[in-house]
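Q: Pasting a structure here, questions to come.
The values are calculated or read from the model by the stated rules, or taken from the named source; none is laboratory data. Remember, it's a predicted structure, so these values are computed and weren't measured experimentally. As a convention, Cβ positions derive from the backbone with ideal geometry for all residues, glycine included, and neighbour counts pool all protein chains shown.
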């Protein structure tokens, strides 16, 4: 999807609010991450850039991690700043934590820009529940990370097909940033 393509979901003409949600960038699991677009540090840099752009546009940033393994990658934590909203989950689906829907409601969020690790488990489970609850979801493969089990091309394609069918899947993290900004009215179609 390009920056000028319409974002799926939501009601036209109504003010829209986006939140950026990044899942499981837990330092403890750093060695298990895979990134298909280059070195892992490049992927973390792209995710950090999306966070910085979201913050400068007034988009709330939500960092989701496990209740036990709360330490987030330092680069992600630094980009998110001290005002990032932190959710600690016990299951793959972040919506199992009641605070999440309350927080999204308080910010009048109708669209979630989603990214994180592992694209076919926690990110997909949270995405599926967000869609079920009526949220629009946007993402980019450049901020979706795999692990050793999804390093093979067929598994990655299957995951991306899910996001393509059910979400607004952008070609790049830069396109995702443009999509978020357009969604909140900072960029014209």
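Q: Of everything in the range 48-61, what is in contact with a strand residue (DSSP E or B) (Cβ under 6 Å, 6 or more places away or on another chain), buried (at least 22 other Cβ atoms within 10 Å of the Cβ) and touching a residue at least 40 places away in the same chain (Cβ under 8 Å)? Give them in sequence order.
A: Those that are in contact with a strand residue (DSSP E or B) (Cβ under 6 Å, 6 or more places away or on another chain), buried (at least 22 other Cβ atoms within 10 Å of the Cβ) and touching a residue at least 40 places away in the same chain (Cβ under 8 Å): 54, 59, 61.
Q: Can you say whether residue 101 is in a helix (DSSP H, G or I), within 16 Å of residue 33 (Cα to Cα) and out of contact with any strand residue (DSSP E or B) (no Cβ under 6 Å at 6 or more places or on another chain), as far as the supplied structure shows?
A: No, not satisfied.
Q: Taking the range 149-165, which residues are under 20 Å from residue 110 (Cβ atoms) and either modelled with pLDDT under 90 or in contact with a helix residue (DSSP H, G or I) (Cβ under 6 Å, 6 or more places away or on another chain) (or both)?
A: Across the range 149-165, there are no qualifying residues.
Q: Filter the range 66-82 down to residues that are under 17 Å from the mean Cα position of the chain (by Cα) and not in a helix (DSSP H, G or I) and give me whichever is modelled with the lowest pLDDT.
A: Once the filter is applied, the top-ranked residue is 66.
Q: Okay, next question. Only residues in the range 17-37 that are touching a residue at least 12 places away in the same chain (Cβ under 8 Å) and at positive phi count as the first member; pair them with residues that are buried (at least 18 other Cβ atoms within 10 Å of the Cβ) and in a helix (DSSP H, G or I), Cβ under 9 angstrom, at least 6 apart or cross-chain, and list the lot.
A: 24/122; 24/123
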